[in-house]
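The values are calculated or read from the model by the stated rules, or taken from the named source; none is laboratory data. Since this is a predicted model, take the numbers as computed values, not measurements. All Cβ positions, glycine included, derive from the backbone under ideal geometry; neighbour counts span all protein chains shown. We work out accessible area using only protein heavy atoms, side chains counted, and drop any ligands, DNA or RNA first. Shrake-Rupley method; radii C 1.70, N 1.55, O 1.52, S 1.80 Å.
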Amino acid sequence: EEFKLVQRCAMHIIVYTDQLMELVMHYEYLGHFEQLIDVLEAGISLQRTHQGIFTQLGICYCKYKEDKLMQHIKDYWSRLNIPKLLQACRQHQKWLEVVHLYSYYSQHDNAIDTLMDHSAECWSHD
């Protein structure tokens, strides 16, 4: 109940790029990762959404919900701050996602280098 009210308030805050990072840091500091993701997921459907919301949601998926990260990248790659999400994916060793981000960013040489350096994590026999 308490988080529903907080989420409603947060929806008015996340539309301001300069306030988004502070809100994210506050949620993470308190350990409310699921609630942060809920706020950002709701935020991408707002009329006043911006690149920062999509990027922060991707970073949260990278840290806390790895299974949703690749689909988020595929669905919203054109609305992401790719260098920022790339940095988070590299830091958390999400190599397949790094390859996809490099491809979307037209840095094919970097994508190939990552594939070669981390082939075991990037290659699937399916």
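For this structure, a couple of remarks:
Okay, residues lined up against (1) in a helix (DSSP H, G or I); (2) under 23 Å from residue 12 (Cβ atoms); (3) in contact (Cβ under 8 Å) with a residue 40 or more places away in the chain; (4) not β-branched (Val, Ile, Thr):
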residue: 45; (1), (2), (3), (4): no, yes, no, yes
residue: 53; (1), (2), (3), (4): yes, yes, no, no
residue: 67; (1), (2), (3), (4): yes, no, no, yes
residue: 72; (1), (2), (3), (4): yes, no, no, yes
residue: 77; (1), (2), (3), (4): yes, no, no, yes
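- Region 94-110 residues that are within 23 Å of residue 64 (Cβ to Cβ), paired with ones that are open to solvent by 60 Å² or more (accessible area, probe 1.4 Å) and of a type in the set (Phe, Trp, Tyr) (beta carbon under 6 Å, 6 or more apart): 104/77
- Screening residue 49 against (1) at pLDDT 95 or above; (2) not in a helix (DSSP H, G or I) leaves a single unmet condition, (1).
- Listed by first and then second residue, the pairs linking a residue in region 18-43 that is free of Cβ contacts under 8 Å to residues at least 40 places away in the same chain and small (Gly, Ala, Ser) to a residue that is buried (at least 18 other Cβ atoms within 10 Å of the Cβ) and assigned to a helix (DSSP H, G or I), with Cβ atoms under 7 Å apart and 6 or more places separating them unless they lie on different chains, are 43/53.
- Candidate set from region 78-96 (those that are under 10 Å from the mean Cα position of the chain (by Cα) and not polar (S, T, N, Q)); member that is surrounded by the most Cβ atoms within 10 Å (Cβ to Cβ): 85
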